[in-house]
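The values are calculated or read from the model by the stated rules, or taken from the named source; none is laboratory data. On a predicted model such as this, the values are computed, not experimentally measured, just so you know. Don't worry about glycine lacking a Cβ; one is built from the backbone with ideal geometry, like all the others, and counts go over all protein chains shown. Accessible surface areas use protein heavy atoms only, side chains included; no ligands, DNA or RNA. Shrake-Rupley method; radii C 1.70, N 1.55, O 1.52, S 1.80 Å.
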Amino acid sequence: MSVTDHPASVVRRPPNAITLDASDLPPAGHFIDGAFREAPGAELLDIVNPASEEAIAKVALGKAADVDRAVAAAVEARESWARVVPKERSEVLHAIADRVAKNYDVLVRLESANTGKPLSVARDDVDGTIDTFRFMAGALRATTTMAAGDYAESHLSVILREPLGVVGVVTPWNYPLLMAAWKLAPILAAGNTTVIKPSEQTPLSTVKFAELVADLLPPGVLNVVTGLGPMVGSALAAHAKVDMIALTGSVGSGRAVARAAADTLKRVHLELGGKAPVVVFEDADLDLVATSLRTAGFYNSGQECGAACRVLVHESVADQLVERLVAQVRELAVGTPDAGDDIEVGPLVSKAHYDRVLGHLDRAFAEGARAAVGGGAIEGTGYFVQPTVLVDVPAGAACTREEIFGPVVTVETFSDENEAVQRANDVPLGLSASVWTNDARRSHDVAARLDAGTVWVNSHLVLANEVPWGGFKGSGYGRDLSVYALDDYSRTKHVMHYHGR
Ligand code: NAD
């Protein structure tokens, strides 16, 4: 394994696909009770394009009073929205999906400009948003509860599925619109009203979404308050009239939200960080592993909670795998989103995150790891980091245990199956994992032994709306996607009728 320089430079072509007009930007202010409300005297926050480092918009820094107004609107709307029959609620969700589809282009451009992500990734996000609303529109009509019956003499039991009431939502910056959709679609489908706080770094697509669907929902059903996590997010988590708080974000924010929610004993739903082990046995198809890692390790610049970031490979095939992986990574097209459809990797989302990822690399090198490819920043405008593969990583090194959340894949070796499983599980996070082998019995057994909410076999980072997504251990609890999300945002009530005569 030799150290090679990554030839990465940033592809920059004359801007074409991704210019934003003033009319593309959402209105300023919070979206409360069906309209955009100015926040008088509110401090404003610059929203920055991480590829150009230029400010592209401003949003209001919400205060507890804005949260109070939004929650009051959601409380006011909850009873009538809860009484809308499934067929009608389903039609609203389909109309939302149609509206997003009609505004596909502006949402792709906004998302790409705010996050720096390649257009292909932004398109995946908007496609996923549409499919999430369509799936939930169908699923909500098929939900049932257990059969009614007499379980005590002359008493008929009926089990009802009810909405929880008002659900507070806090979302991250890596897939701003898609993560909002993963929450909002099942929350609204289950008959709840909601207040969402997007990431302070990437609020534009969520606020635009509210503008686009404003006429499709009764006032107060969907509310958006922009601002900082420790102010707006924690006010939502602590609010006495919020019945559940759902967060996608880091482990630290998850802890803060759970603490803030504790006094009111509201339900908590947490989708937190990941550090996915990729367990490669000696009989795996190494070409398939390498080409899959090119996507699964570096998609969205590795800012992906399920990223294939921690390879554990059998020692007998480690050199062969690294050689193939390095060849794939060297070919990755790094560039600004406006450079075209061939771009695979964009900048990191912010200067602070760029510094954080580079700090992780410095620490990895200090601990003895070497870069087989990449290993540092890319010069010039924008928060670009070279796609990197770290080898010779000492056991227990921080880079194999902590979420780096950048374009960095580590490679460690193991000598037998038990060691592989033990080391794969020996991290505090348990969101996802993958197993690579052509031995069917081993694939079933190892998948069962891995402590992760999703385990792929001979694949990684493939998701579908029909199947649940969520973690174990420090990755949180609760499930996004699928009918399991509808369950999470509903409560069951037993009603018993005496009919003795
Ligand atoms: P973050 O935790 O910094 O921020 C997420 C959201 O939480 C933001 O809106 C932020 O304002 C808010 N927040 C911060 N402190 C808060 C507090 N004290 N109270 C309430 N809200 C608070 O995370 P991020 O950097 O935006 O996103 C990256 C993280 O999200 C990574 O750890 C990643 O793994 C995780 N993530 C997980 C999933 C998943 O499905 N499990 C999906 C995407 C991202």
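Within the stretch 180-206, being under 24 Å from residue 117 (Cβ atoms), open to solvent by less than 10 Å² (accessible area, probe 1.4 Å) and within 13 Å of the ligand (Cβ to nearest atom) holds for 180, 181, 183, 196, 197, 198, 199, 202, 203, 206.
Residue 122 falls short of the stated requirement of being more than 28 Å from residue 335 (Cα to Cα), modelled with pLDDT of 95 or more and assigned by TED's automatic domain parsing to the domain that holds residue 257.
Can you spot a residue in the stretch 223-234 that is in contact with an Asp or Glu (Cβ under 9 Å, 6 or more places away or on another chain) and without any contact (Cβ under 8 Å) to a residue 60 or more places away in the chain? The answer is yes; a qualifying residue exists.
Let's see how each residue does on (1) more than 29 Å from residue 127 (Cα to Cα); (2) more than 15 Å from the ligand (Cβ to nearest atom):
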residue	(1), (2)
442	yes, yes
446	yes, yes
454	no, no
461	no, no
474	yes, no
477	no, no
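Number of residues in the stretch 38-65 that are open to solvent by less than 80 Å² (accessible area, probe 1.4 Å) and either more than 18 Å from residue 204 (Cβ to Cβ) or over 27 Å from the mean Cα position of the chain (by Cα) (or both) equals 4.
For the stretch 1-32, the candidate set comprises residues that are over 30 Å from residue 341 (Cβ atoms) and crowded, with 18+ Cβ neighbours inside 10 Å; within that set, the residue that is modelled with the lowest pLDDT is 29.
Remark: pairs (first residue in the stretch 297-312, under 14 Å from residue 279 (Cβ atoms); second residue basic (Lys, Arg); Cβ separation under 7 Å; 6+ apart in sequence or on different chains) = 309/275; 310/275; 312/423. If you go through the stretch 87-99 and keep only what is more than 15 Å from residue 141 (Cβ to Cβ) and in contact with a Phe, Trp or Tyr (Cβ under 7 Å, 6 or more places away or on another chain), you end up with just 96.
Checking 127, 150 one by one, the residue that is without any contact (Cβ under 8 Å) to a residue 60 or more places away in the chain and in a strand (DSSP E or B) is 150 and no other. Condition check for residue 177 on (1) open to solvent by 10 Å² or more (accessible area, probe 1.4 Å); (2) under 14 Å from residue 248 (Cβ atoms); (3) more than 10 Å from the ligand (Cβ to nearest atom): one failure, at (1).
Comparison of 105, 150, 98, 124 shows that the only residue that is within 16 Å of the ligand (Cβ to nearest atom), open to solvent by 10 Å² or more (accessible area, probe 1.4 Å) and of a type in the set (D, E, K, R) is 124. The set of residues from the stretch 337-366 being assigned to a loop (DSSP other than H, G, I, E, B) and either among the basic types (Lys, Arg) or within 22 Å of the chain's Cα centre (by Cα) (or both) comprises 343, 344, 346, 347, 348, 349, 350.
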